[in-house]
1. I'm told W198 meets every condition in (1) surrounded by fewer than 17 Cβ atoms within 10 Å (Cβ to Cβ); (2) at pLDDT 95 or above; (3) within 12 Å of R89 (Cα to Cα) except one. Can you identify the failing condition by its number?
2. Among what's in the stretch 162-179 and is more than 14 Å from the ligand (Cβ to nearest atom) and farther than 17 Å from P256 by Cα, pick the residue that is surrounded by the most Cβ atoms within 10 Å (Cβ to Cβ).
3. What number of residues within the stretch 213-231 are surrounded by fewer than 22 Cβ atoms within 10 Å (Cβ to Cβ) and small (G, A, S)?
Amino acid sequence: MAHLHKQQNLCYVTLFVALTIIYASKAVEVNFHQNYKVVWGNHHVFFLQNGREVQLSIDKTSGAGFGSKLNYASGFFQMRIKIPNKDSRGVVTAFYLTSTAYEHIGAKHDEIDFEFLGNNGKPYTLQTNVFANDEGGREQRHSLWFDPSIDFHIYGVLWNQHQIVFYVDGIPIRVFKNNSKVGVSFPSQQMRVTASIWNGEPWASNGKRIDWKQAPFTAHFQGFNIHGCQTLNRNKHVCYSPHLWWNDHKHWQLNPQQQKAYEDVRKKHLLYDYCSDRGELHKECQIN
Ligand SMILES: *[C@@H]1O[C@H](CO)[C@@H](O)[C@H](O)[C@H]1NC(C)=O
């Protein structure tokens with residue numbers, strides 16, 4: 001009998017732990033409006049799952065975009081995204097960080113981008129780019145090893161003082177190091193987390209036109225929690241604190257497993273790298 005009791009108790013404990021884990025992970029799912037607001041194309045934004053999923057759509061009249069209410073100066077920014085499941089050539093679905101400083105008073109632009117360049121047939125192409133101090137032109141393009149229009153996948157950016165790492169489903173696909181010591185600019189300004197769907201023709205479609213007969217094109221977004229350091233009106237140096245987990249020294253560079261995964265992705269999925277094309281214009285290309 002005692003034995004049975006023990007087993008029963010164990011069973012309850014297990015159930016309790018399991019439920020706690022489920023609740024904990026549910027609690028992480030915040031409503032869109034907690035951290036984000038619609039920035040443009042109001043009529044092309046739809047809320048699903050009680051605000052835990054957002055659909056952006058584009059037709060001939062407009063695309064749409066949303067952005068975080070606050071600005072951040074370091075963090076690990078993630079979103080779950082499902083891109084349009086049609087022949088969406090020319091339609092760009094984007095998830096990016098962009099600086100919000102006042103460019104009209106001379107502030108320079110910083111930006112960290114994920115951009116899906118529609119699908120002109122497979123493989124799907126994911127472009128990444130980094131702008132620092134107004135200087136961009138750092139495109140890389142990868143083919144994806146899955147169909148991003150069927151399921152949600154996680155796209156993430158780690159940004160600390162040492163590196164920017166782009167992740168797809170937890171796999172590092174790109175690393176941009178802070179090489180400011182040798183004169184390469186590194187994003188340093190407070191940024192807003194943003195996502196949008198927009199008309200990228202002709203550059204995103206190799207000159208082809210969007211097939212509007214298929215409109216609307218819709219992209220879906222989930223995961224509105226933000227793990228970032230808000231700048232508010234504080235000095236951004238508070239965002240370099242080692243107490244923020246993404247600043248911990250284990251995130252200053254890839255660990256050996258991540259490095260291996262990264263090299264694997266480069267070998268199998270890298271379609272284009274600005275360093276192989278215009279490397280002489282970018283000092284970081286001579287370092288790596
Ligand atoms: C880049 O690295 C330098 C040290 O080499 C550091 O002083 C600076 O804060 C870093 N920049 C950013 C934006 O984190």
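The values are calculated or read from the model by the stated rules, or taken from the named source; none is laboratory data. What you are looking at is a predicted structure, and each value in this text was computed from that prediction instead of being measured. Ideal geometry is used to build each Cβ from the backbone, glycine not excepted, and the neighbour counts take in all protein chains shown.
1. Of the numbered conditions (1) surrounded by fewer than 17 Cβ atoms within 10 Å (Cβ to Cβ); (2) at pLDDT 95 or above; (3) within 12 Å of R89 (Cα to Cα), the odd one out for W198 is (1).
2. Looking at residues that are more than 14 Å from the ligand (Cβ to nearest atom) and farther than 17 Å from P256 by Cα, I get V168.
3. Count: 2.
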